[in-house]
There are 2 protein chains.
Amino acid sequence: MALPTPADAGGSQVKSAVRTVELLEYFAGRPGMHSLAEVQTSLGYPKSSLYMLLRTLVELGWVETDATGTRYGIGVRALLVGTAYIDGDEVVAAARPTLDRLAEETTETIHLARLDGADVVYLATRQSQHYLRPFTRVGRRLPAHSTSLGKALLATHSDDEVRKILPERLAPLTEHTFTDREELIEELALIRERGYSVDHEENTVGLRCFGIAIPYRTPARDAVSCSVPVARLTPGREQQIRDALFEARDRLTLATRHL
Amino acid sequence: MALPTPADAGGSQVKSAVRTVELLEYFAGRPGMHSLAEVQTSLGYPKSSLYMLLRTLVELGWVETDATGTRYGIGVRALLVGTAYIDGDEVVAAARPTLDRLAEETTETIHLARLDGADVVYLATRQSQHYLRPFTRVGRRLPAHSTSLGKALLATHSDDEVRKILPERLAPLTEHTFTDREELIEELALIRERGYSVDHEENTVGLRCFGIAIPYRTPARDAVSCSVPVARLTPGREQQIRDALFEARDRLTLATRHL
DNA sequence: GGAACGCGTTCAGTATACGGAACGCGTTCA
DNA sequence: TGAACGCGTTCCGTATACTGAACGCGTTCC
C-alpha cells in the first residue's frame, strides 16, 4: 500500500506543517499508542522538536495521550476532516443514485474509488446484502495494481505515465497479483480495448471484481467496481454484471458532465 | 455544533502546526473550494504565511486545488487519518458484538459516540432496517446538550464540570431543545437517578432517543443510544428498548473492564 | 482607455521556532 | 547499592520560517 510522498522537492515548504501531517499519517498507519522515543526513531525528528509538536497537537485534540501522558495516538479531531472530504465531494454526491441502482441490480458490493498516487481510496460503498461479502470501509486504501478499480484508472493513463506512477516490482497480495509492471501494462492495453477491468483474485483470494472508469476527466480520476465471490459467479451472472456496469458508467458520465 | 477550542493558553505551541490543523478544520467545516483571500479574512493569518502553508499542504495532498490552482479545498490524504482513529480504537472494537446484538434486539438505529468538548462524535452506527430511519454517519458531530448520548455522558460529570463544558445559553435545534444550561443540569440529576437519558425530539423532530453511558472510566467518555421515530413508539416497545439498553450497558462494562 | 481595484505571488529583515546538549527521574542490571 | 541506562523534559544559541511591503497581472469601473 505504498503511500506516495510526492514532490518532496520543489520550493521551500513549511517545515512544521510537513511534520504535522507526517506525524498524523504515522499514527494513522500504526493504530495504538506510541512512545515519544518510538516515534522519534521512526520519523527521525529531533526529540525536542517532536516533543513540542506533540504537545501542541495534544492540546488541539488531534493527538491523544494515555493516562500517563507519555504514549501518543491519533485523536478525535482527526475524524472530522476525513469525513468532510466525502461530504463535500461533487462526484460522490452526483454518483449516489447510480450507485444505489447498481447495488440493487447486481445485489453485490459496489465501490466508488479515486486514484491517489499508486493507491486507490474508497469514497463510497454499497454493501452486498448476501451473507458472504467483502469487508470494506470508506477511506480505506488499496494498491492500484491489485484492484479492478486501480487497473481501470491506470488504463486511462499512457504507458509512460503508468511507469512514473508504479515501481518496477509490484507487491503481491495473493498468488495472482501482477508483480511485474510491464506485464501489468500489457493487461492495461486489453482493458482499454474492452472498456472494463477484471481483478481475478489479485487482491483477495476468492473475490473477483469488475471495474470501469468514469470519464469526466482525462486521465480518469474515479472508477466504480462490483465485487463478487467466485462461488456466486456463473458466465450468465458475469454478463449481467458487465451490462449493469456499462449502464452505470453511462449514467455517471451524464451526472458528472458539468465537472 | 460549537467546536470547542480547548487550551489555547498554556505554554508555547508550534505555530505552523496550530495553523495547519486550524486550516484543515476550516476546510472541513466549509466543503467546497475557497480562494486564498477568503480563507485569509476568515482565519486572519497574513496572506504570505497562508500562501506558503497552503502550497505545502497541496504538495502533500492534504489540500487540493481546482484546475486554475487558485481555489483550495480539503484533500484525499485527510481521509486516511480519520478512519484510522476508528480502526485503532479499543472501545469500538470491544463494542462491536454488543452493538450488533442491540441492533438485532431493537431493530432500530444504534449509535456509539464519544464526548469531545461540548459535542458528541459518532464512532459507530448500526442502521435500522426500517424504511423510516435517521440519517447518520461515523465522524459526525452533534451538540451534546441536544442528544441522548450527550446528556447521558454529561450526567456522569458533576454540575460544576458541566458548567465548564457548556455555555450558559444552548443553541436550539428544535423547539424542544434545552436552551438554558441550568434547566439541563436539573434534567441531568434525573438521568443519574434512573440510569439512562431520553431525547424527546430535542435534536430532530419526530425522533426519540434513549442513551446510556458506558462506565469504564469516570467521568464516562462513551455512550450508546437507540433512536426511534415517535411514530413507531408504544409504551411496551419503549420498555423493551430500555431493557435492551441496560443489558447492552452491562455487556459493554464487561467488555471494556480492562481499559 | 486608463486608473483603481482585487488577487495571487515574491522578497528580505527579523522575530521565533528548531535542535543539540544537558537535566531529572525512574528502572535495570552487576 | 550504586552505576548505567532509557526516557521525557527543559534550555539557549542560532538557523529559519514568518510577515509586511512591494510586485505583476487581470478585471472593473468611470
Next item on the list: Using all C-alpha to C-alpha distances in the stretch A:36-135, build P(r) with 10 Å bins and read off the rounded percent in each one.
Entry: 13, 28, 24, 21, 14, 2
Notebook entry, point to check: For the stretch B:88-255, how big is Rg over Rh, using alpha carbon atoms and the Kirkwood form of Rh?
Noted result: 0.93
Next item on the list: Would you kindly find the accessible area of residue A:52, with a 1.4 Å probe and non-protein molecules such as ligands, DNA and RNA excluded, rounding to the nearest 10 Å²?
Entry: 70
Next item on the list: List the distances, in nm to one decimal, from the label point of residue A:100 to the label points of the same position in every other copy, shortest first, placing each label point 7 Å from Cα along the Cα-to-Cβ direction.
Entry: 2.8
Next item on the list: Could you tell me the total accessible area buried at the B-A interface, probe 1.4 Å, in square angstrom to the nearest hundred?
Entry: 4800
Next item on the list: Would you jot down the residues in the stretch A:55-75 that end up with at least 20 Å² less accessible area in the complete protein assembly than in the chain alone, with a 1.4 Å probe?
Entry: A:55, A:56, A:59, A:60, A:62, A:64, A:74
Checklist line | Label spacing, shortest first and in nm, from residue A:257 to its equivalents in the remaining copies (7 angstrom along Cα→Cβ) | finding: 6.4
Item checked: Axis-nearest residue in chain B [Cβ, rotation onto A], distance in whole Å -> B:82, 1
Next item on the list: Can you tell me the FRET efficiency between residue B:15 and residue A:159 if r is taken as the Cβ-Cβ distance and R0 is 56 Å, rounded to the nearest 0.05?
Entry: 0.80
Next item on the list: Any chance you could list the semi-axes, whole Å, largest first, of the equivalent ellipsoid that the Cα gyration tensor gives for the protein assembly as shown, using √(5λ)?
Entry: 39, 31, 21
Check: Can you tell me the accessible area per residue over the stretch B:88-255, all protein chains present, probe 1.4 angstrom, in square angstrom?
Finding: 44
Next item on the list: Mind checking A:44-53 for the average number of partner chain beta-carbons within 10 Å of each residue's beta-carbon?
Entry: 1
Next item on the list: Would you mind getting the Kirkwood hydrodynamic radius of the stretch A:179-259 from its Cα pairs, rounded to one decimal in Å?
Entry: 13.8
Next item on the list: With a point put 7 Å past each Cα toward its Cβ, work out how far residue B:193 is from residue B:37 in nm, to one decimal.
Entry: 6.0
Check: Hey, for residue A:246 with labels 7 Å out along Cα-Cβ, what do the inter-copy distances come to in nm, ordered shortest first?
Finding: 6.1
Check: Taking the stretch A:15-78 on its own, what percent of its Cα-Cα pair distances exceed 13 Å?
Finding: 58
Check: In terms of modelled amide H atoms, which long-range or inter-chain residues lie less than 5 Å from the amide H of residue A:64?
Finding: A:73, A:74, A:75
Check: Taking a 29 Å limit on the Cα-Cα distance, which of the listed pairs B:47/B:164; A:47/B:15; B:15/B:164; A:15/A:164 fall beyond it?
Finding: B:47/B:164
Notebook entry, point to check: Where the Cα atoms of the stretch A:89-167 are projected onto their three principal axes, how long is each span, largest first, in whole Å?
Noted result: 40, 28, 20
Next item on the list: Would you please name the GluC sites (Glu not before Pro) within the stretch B:53-143 that are DSSP coil residues with at most 12 other C-beta atoms within 10 Å of their C-beta?
Entry: none
Next item on the list: State the answer as a single residue: which of B:102, B:171, B:33 lies farthest towards the positive end of the charge dipole of chain B, with beta carbon charges of +1 for Lys and Arg and -1 for Asp and Glu, about the Cα centre.
Entry: B:33
Check: Quick one: ranking B:157, B:111 by accessible area, 1.4 Å probe, largest first, what do you get?
Finding: B:157, B:111
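The values are calculated or read from the model by the stated rules, or taken from the named source; none is laboratory data. Predicted model only: the values in this text are computed from it and were never measured. Here Cβ is always computed from backbone atoms with ideal geometry, including for glycine, and neighbour counts include all displayed protein chains. These accessible areas exclude ligands, DNA and RNA; they are computed on the full protein's heavy atoms, side chains included. Shrake-Rupley method; radii C 1.70, N 1.55, O 1.52, S 1.80 Å.
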